[in-house]
1. Give segment 56-94 a look and list any residue that's outside any loop (DSSP other than H, G, I, E, B), at pLDDT 95 or above and over 21 Å from residue 161 (Cα atoms), or say none.
2. Pick out the one residue from 114, 132, 95 that is under 30 Å from residue 232 (Cβ atoms) and of a type in the set (Lys, Arg).
3. Residue 7 - would you say it is part of a helix (DSSP H, G or I) and among the polar types (S, T, N, Q)?
4. Given segment 96-187, what strands (runs of 3 or more DSSP E) lie entirely inside it while holding 3 or more residues that are free of Cβ contacts under 8 Å to residues at least 60 places away in the same chain and on the phi < 0 side of the Ramachandran plot?
5. Report yes if residue 264 is of a type in the set (Gly, Ala, Ser) and surrounded by 14 or more Cβ atoms within 10 Å (Cβ to Cβ), otherwise no.
6. Does segment 289-311 hold any residues that are surrounded by 21 or more Cβ atoms within 10 Å (Cβ to Cβ) and among the basic types (Lys, Arg), and which are they?
7. Step by step: first the residues of segment 188-198, then only those that are among the β-branched types (Val, Ile, Thr) and outside any loop (DSSP other than H, G, I, E, B), then the one that is nearest to residue 241 (Cα to Cα). Which residue is that?
8. Looking only at residues that are without any contact (Cβ under 8 Å) to a residue 40 or more places away in the chain and small (Gly, Ala, Ser) in segment 52-78, which one is surrounded by the most Cβ atoms within 10 Å (Cβ to Cβ)?
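The values are calculated or read from the model by the stated rules, or taken from the named source; none is laboratory data. These numbers come from a predicted model, not from an experiment. Here the Cβ positions follow ideal geometry from the backbone for every residue, glycine too, while neighbour counts run over all protein chains shown.
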Amino acid sequence: MDAATHSEFSRKSWSRLRSAVPMTLDEEELEQLRGANEPISLGEVEDIYLPLTRLINLHIAAARGLARVTDDFVGRPAAGRPYVVAVAGSVAVGKSTTARVLRALLSRWPDHPKVDLITTDGFLYPTATLQKRGLMRRKGFPESYDVRRMMDFLAEVKSTGRGLSPVYSHHAYDILPGEYHEVDRPDILIFEGLNVLQIGVTSEASRPTLFTASDFFDLSIYIDAEPAHIAHWYEERFLHHQQTAFQDPGSYFHHLATATPEESRAFARELWLQINQVNLFENILPSRPRADVIIHKSADHAVDKLWLRRL
């Protein structure tokens, strides 16, 4: 990372920033938050995520103070506005686990007990639309999302505190018709997805970017790791699902239920090389410098260093 924009912290130096933030999770609760093949430990929560929640809490206090000043200046009644935290990064890097852990920890702070979590998967076009447009092998790329609907959702939540997000099923590998996640005036909204720091709405005439999802974020986090390590984690996770979720006849990938480990790994490797790695290099990695906090993981999934944007 560019030292002019971000300050680097070792795991040890970052952990000291926890101050007196108490540990509010136990092992049983953490087990419910872990993703497949994501071995996050209580020690990592203490070293990495408790300092991060302290940082977010300080930011929220400052943001609320600024909002009050603005409301007073324009002579309008004070209104509660959700503080929006974005979590970005590659497939299989651990975004979802990070988002769930943050939600659990932040909701136990007394000043902001209501924390909602929305993923950008809900804003993917339905499978029928992707197939019609020839985009099934571009799923997860910016063009596979209903970007305007995503922007409308973020704008509505940011201005009113309310919004409806479509529901995506990883089991069905599709949007569930008529089902929605309702956001109703949370103190904090965590918005997690692949390209949240890159996706934007453009003008069809001249193609300038009118605004991006990051325009609605108060703080953004990027989960980082070496591409070779992410590729390995992706394969291992795919094999885990092949032995579990894919065994259900209703799963989109049920046709792989009887595949050998070698066949499953080969299939996963092709998906990684042809789709996910391309998306990582073309769209996701280039957005990393825009993040306020970058969390880097080593080969064993453990966080080894972080960068914090110079404010």
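1. Correct list: 88, 89.
2. On the way: 114 fails: under 30 Å from residue 232 (Cβ atoms); 132 fails: under 30 Å from residue 232 (Cβ atoms).
On inspection, the qualifying residue turns out to be 95.
3. On the way: part of a helix (DSSP H, G or I): no; among the polar types (S, T, N, Q): yes.
Judged against the criteria, residue 7 is not a match.
4. Numbers: elements: 115-119, 162-169, 174-184.
Hits in segment 96-187: 162-169, 174-184.
5. Working: of a type in the set (Gly, Ala, Ser): yes; surrounded by 14 or more Cβ atoms within 10 Å (Cβ to Cβ): yes.
Yes, satisfied.
6. 297, the sole residue that qualifies.
7. At the first step, the residues of segment 188-198 found to be among the β-branched types (Val, Ile, Thr) are 188, 190, 196.
This time we only want the ones that are outside any loop (DSSP other than H, G, I, E, B), so: 188, 190.
On the way: 188: 31, 190: 26 Å.
If we take residues in segment 188-198 being among the β-branched types (Val, Ile, Thr) and outside any loop (DSSP other than H, G, I, E, B), then 190 is nearest to residue 241 (Cα to Cα).
8. Restricting attention to segment 52-78, the residues satisfying the condition of being without any contact (Cβ under 8 Å) to a residue 40 or more places away in the chain are 54, 58, 62, 64-78.
Checking the rest, the ones that are also small (Gly, Ala, Ser) come to 62, 65, 67, 75, 78.
Details: 62: 11, 65: 10, 67: 15, 75: 6, 78: 11.
Per the stated criteria, the residue is 67.
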